[in-house]
Structures are given as C-alpha cells and as structure tokens.
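I have placed the structure first, in the form of structure tokens, so that the comments after it can refer back to it.
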Amino acid sequence: MTRYYDTLPQAMRGYPTPSMPLDVSSKAAYERWAADARAALLNLLGFDRMRLCPPDGQRLECVQLDGYRREKWIVQTEPGIWASLYLLIPDGLQPGEKWPLVLCPHGHSGTKDATAGNACVPVLEKTITENRYDYGRQVVRMGMIALCPDARGHGERRERDMWSDDPEKRLNCSCHWLNHMAVPVGRCVTGMWVWDLMRLLDWALTLDAVDGSRVASIGLSGGGLQSLYFSALDSRVRFSVVSGYFYGFKEALLEMHNCACNYVPHLWEYFDVGEIGALVAPRPMVIETGDQDPLNGKSGLDNVLPYVEQVRSVYALYGNGDDFVHDIFHGPHRWNGEVSMQRLKAFMFGA
C-alpha cells in the first residue's frame, strides 16, 4: 500500500494565534488598537503598491426600466485598470436632490448583472433566483442609488484565461490566476477588490445626486468579503451588511481550501475574522448567517458565534449594541435580506 507524507495536518496544528488581538479593555484601548490594526491590514493588502489616478468615468449606456434607470459605466481605479459597473438610479430624482448610495459587490456566483437583477442569460437568472442575488435591484426599488460593480476577475473584468462568449460560462472567474500573479509582487486579490471599492466611492461622491453622509456597502459571499474589508477600512461607509462571509478562517479557509481570492499573505499571523469585523464598529452593521451554510466550516455555527461576539463586544463598549445585528436564518449559502434590508432602509431614511 502506498504511503503519503502530506503537509496540511501538521500545518493546521501550527495554525497561528493572531498577534494583534482585539483590545476592548476601554474605548481608548480599542481606538489605539483599531488605528494600528487598520495600518497593518492596509499593508497586508498591498495598498502601498497601488497607485491613484483620475477616475475618468465614462457612461456607456442608459436603459430605462420599471421605476429606475440602469446606467453602465467604466471607471479607472489604477492607471490603465478599468472597473465596469451599473449605476441604478430611482425615477423621480430632482435637480439638487441627493440620495443615499449603496455599493453592492457580488461574490463568485454573481457579477454586476446578478446584483443589478439583469437576468440576461439563463445562468444569471438561475443564480439570481437561487441566491436572491439581486440586492442592487432591491436597493433601487427602496429609493436608493445602487452601485453594482464587476470585481476584478469577474464578469467583464475576467482575464484572458476566462474570456468566453458562451452564456453558460458567464460566471467563470480568474481569481486563481490573479492571485498567483499578485502575491509575488506584494499584492493580492482581496486588496485589489477593496482598493477598487474605495476608488469607486471616490468617483461616486463626485456625482451630484449622491449624499456622501448616507453610504452603505452590502454583499453576499465574496461580496460579503468585500463589504467586510471595505467597511473595516473606509469610515465613509456608514452602514454595512456582510452575508455568507463571517466565520473562523482556520476551518472555513485553511481546512476547506476555498477560492484563491480569500488568501492574503501573512493575514492569519495578525488577524482572524473577528478582528476585521471589529474594525467596522461602532457603525451600524448586520451579519447574515445561514444555519445550513457549508462555508461556515465543519463546526457550523460554532465556527461563527465566537467571532460575532468579538464584534459585539465593541458595540457594547460604546453602548450602542442595537446597531449590531447577527441575523441567523434557516437556510443555505444565500442572501437573506429580511432583517438587513429593513435596517438599511431605517438607517438611510430615519424610519
């Protein structure tokens, strides 16, 4: 019988304890920790290797739909690198009015078409239905502007390894290739995604219709990843929803061998998910967790709840525990929205 001499079991026994653990001994201690943690996280994500540039936003099309219009734009986020996106704008916007803005990043079973509810091919119709993926369209129907981008490596931003006009391959992505090319030069896909969201927000805040005091980020799965890191690092995001992406990294990422885009060099030496979530506090936040989501890890909710409690401890420190909600719903890996959308609407309109 052939013997095998694998590495992962021993590597998992040596999984590191985060070297920058959350400090909630006082508000001052938390704020010192948060400042240091944000600086460390920006460095891990490779932000020092990215370059600012003029956004040069260009509108490519405008389609009138039921109650809103869908504008397609491209925006430059690094020199020569363009983000494709939909801007969904409610009907009735009057000159001089400013409306709330919600950034709606997607995950691996989606694109900007999915979050915008554009079921233009069967594979998109399927993912919109199964995953309730059209949260951008839900947002615009609530009277807010939705910004639905393609993440790097997805949709119209796929690399050449995934170029295809086959509608059934519309959801294929280039995450593995992108991260393999990025890591040797000190970058990573997660960092590029978060950088792009920050630059898209820079651009969106130049639009006359956008109210910069009412900005949110919401996302499912890989979109939850983006919403989590983006909200943790950019205080302009005043409300956030992280759906299907809040669990201990060891079980959910090391043991499960998830997509390459999840892996940030040296991250686990510094932080687990609870520390990153704690950087969002004390701004309003909803975490959605399906009790049957396999991505939670082998321990299920036991790999979620301790990290949620870490985040909750910061809200308790500030005396605003009601601004943090953990919505555990019965179901699989999908967008829920039943609690999060109500709270988003209440935050944006004071209802």
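For segment 305-351, a tally of residues being in a loop (DSSP other than H, G, I, E, B) and within 20 Å of Arg32 (Cα to Cα) returns 2. Residues in segment 77-90 that are in contact with an Asp or Glu (Cβ under 9 Å, 6 or more places away or on another chain) and closer than 20 Å to Asp208 by Cβ: Leu85, Tyr86, Leu87, Leu88, Ile89. Is it true that some residue in segment 246-264 is of a type in the set (S, T, N, Q) and over 17 Å from the mean Cα position of the chain (by Cα)? No, because not a single residue in segment 246-264 is of a type in the set (S, T, N, Q) and over 17 Å from the mean Cα position of the chain (by Cα).
Applying the criterion of being part of a helix (DSSP H, G or I) and in contact (Cβ under 8 Å) with a residue 40 or more places away in the chain to the residues of segment 274-304, the residue that is farthest from Val102 (Cα to Cα) is Asn303.
Quick grid of which residues meet (1) touching a residue at least 40 places away in the same chain (Cβ under 8 Å); (2) surrounded by 16 or more Cβ atoms within 10 Å (Cβ to Cβ); (3) among the hydroxyl-bearing types (Ser, Thr, Tyr):
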{"site": "Thr7", "(1), (2), (3)": "no, no, yes"}
{"site": "Gln10", "(1), (2), (3)": "no, no, no"}
{"site": "Asp23", "(1), (2), (3)": "no, yes, no"}
{"site": "Lys27", "(1), (2), (3)": "yes, no, no"}
{"site": "Trp33", "(1), (2), (3)": "no, yes, no"}
{"site": "Asn43", "(1), (2), (3)": "no, no, no"}
{"site": "Met50", "(1), (2), (3)": "yes, yes, no"}
{"site": "Pro55", "(1), (2), (3)": "yes, yes, no"}
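The conditions of being in contact with a Leu (Cβ under 7 Å, 6 or more places away or on another chain) and over 20 Å from Val314 (Cβ atoms) are not met by Val242.
Bear in mind these aren't lab numbers, they're just calculated from the coordinates by the rules spelled out. Computed from a prediction, not measured in an experiment: that's the story for all the values here. All Cβ positions, glycine included, derive from the backbone under ideal geometry; neighbour counts span all protein chains shown.
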